[in-house]
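Report on one structure; see the data block that follows.
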């Protein structure tokens with residue numbers, strides 16, 4: 001009798017706890033969205049009428065759905081950094097859908113630095129960055145200059161498109177390198193990277209980009225309900241100063257322009273030291289937030 005009564009009390013207590021939970025804790029666990037019949041990407045149509053394509057995309061949709069903190073932060077950052085990058089893509093003649101490479105490369109984090117040494121939103125390695133005209137040294141690292149790194153990424157993407165003629169293969173080459181993709185196209189006698197046997201990372205890379213497009217265009221389908229008001233906004237800078245001279249102290253430079261050194265650095269991540277020697281008298285644009 002006592003055992004039965006104790007069981008009833010425990011059950012009642014559990015029900016009370018459930019009803020006492022906040023609304024956000026009572027929601028059902030989200031399910032990954034279903035694989036669609038097709039996705040339009042950069043002017044091409046990728047159809048999922050093949051079992052291998054369906055399963056490869058399904059894997060990435062599940063990943064975006066259940067990596068909660070990462071997906072949430074990407075979604076919050078996207079409002080700010082897409083606003084900065086998309087106009088450059090359009091100006092450079094690169095399809096807007098290529099912005100989703102940033103989600104896969106850096107999680108839309110402008111401070112991202114990989115264990116291999118790739119840096120910035122577009123994750124350039126030092127040598128590759130320099131080959132596309134970016135300055136990388138102890139004082140200036142333009143892989144963190146959003147405008148310049150995006151222009152450099154566009155140069156790479158357009159160069160690859162002239163070679164391959166389809167944007168999914170271009171995307172694969174961004175991960176594996178043009179040499180690796182070209183060699184596999186030749187030896188496997190296929191044109192599209194979607195039809196190549198590739199290293200696992202590159203094979204997933206293309207489908208992660210497609211999943212990213214679905215995620216950013218319809219996050220609620222993945223169980224993420226983050227209103228635009230809670231996403232990080234892009235704020236126009238108070239001023240942009242062009243300098244072609246040395247700055248012995250960026251701390252003093254910041255104070256002269258009414259901001260802290262910390263805020264100056266946050267707005268100009270490419271400034272990597274407390275000074276700008278600028279021996280060559282190059283022109284730099286410094287943002288005053």
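A few remarks follow.
- Here residue 159 passes the criteria (1) part of a helix (DSSP H, G or I); (2) closer than 28 Å to residue 250 by Cβ except the one numbered (2).
- Unmet criterion (only one of (1) in contact with a helix residue (DSSP H, G or I) (Cβ under 6 Å, 6 or more places away or on another chain); (2) in a helix (DSSP H, G or I); (3) in the same structural domain as residue 84 (by TED's automatic domain parsing)) for residue 226: (2)
- Matching residues in the range 162-192 - criterion: being under 17 Å from residue 42 (Cβ atoms) and either modelled with pLDDT under 95 or not in a helix (DSSP H, G or I) (or both): 165, 166, 191, 192
- Residues located in the range 253-289, provided they are surrounded by 15 or more Cβ atoms within 10 Å (Cβ to Cβ), more than 28 Å from the chain's Cα centre (by Cα) and either within 16 Å of residue 142 (Cβ to Cβ) or in the same structural domain as residue 143 (by TED's automatic domain parsing) (or both): 276, 278
- Condition met for residue 221 (part of a helix (DSSP H, G or I), within 22 Å of the chain's Cα centre (by Cα) and surrounded by 12 or more Cβ atoms within 10 Å (Cβ to Cβ)): yes
- For residue 183, the conditions (1) free of Cβ contacts under 8 Å to residues at least 12 places away in the same chain; (2) under 25 Å from residue 119 (Cβ atoms); (3) assigned by TED's automatic domain parsing to the domain that holds residue 122; (4) surrounded by 11 or more Cβ atoms within 10 Å (Cβ to Cβ) all hold with the exception of (2).
The rows are residues; the columns are (1) in the same structural domain as residue 172 (by TED's automatic domain parsing); (2) modelled with pLDDT of 95 or more; (3) under 12 Å from the mean Cα position of the chain (by Cα); (4) surrounded by fewer than 17 Cβ atoms within 10 Å (Cβ to Cβ).
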| site | (1), (2), (3), (4) |
| --- | --- |
| 66 | yes, no, no, yes |
| 70 | yes, no, yes, yes |
| 75 | yes, yes, yes, no |
| 83 | yes, yes, no, yes |
| 86 | yes, yes, no, yes |
| 100 | yes, yes, yes, no |
| 103 | yes, yes, yes, no |
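- Count of the range 256-267 residues, restricted to those that are at negative phi and in contact (Cβ under 8 Å) with a residue 24 or more places away in the chain, is 5.
- Test: residue in the range 115-125 that is in contact with a helix residue (DSSP H, G or I) (Cβ under 9 Å, 6 or more places away or on another chain) and loosely packed, with under 15 Cβ neighbours inside 10 Å: yes
- Qualifying residues in the range 126-148 (those that are out of contact with any helix residue (DSSP H, G or I) (no Cβ under 7 Å at 6 or more places or on another chain) and over 18 Å from residue 266 (Cα atoms)) - the one surrounded by the fewest Cβ atoms within 10 Å (Cβ to Cβ): 127
The values are calculated or read from the model by the stated rules, or taken from the named source; none is laboratory data. All of these numbers come straight from a predicted model, not from anything done at the bench. Reconstructed Cβ throughout: ideal geometry from the backbone, glycine too, with neighbour counts over all protein chains shown.
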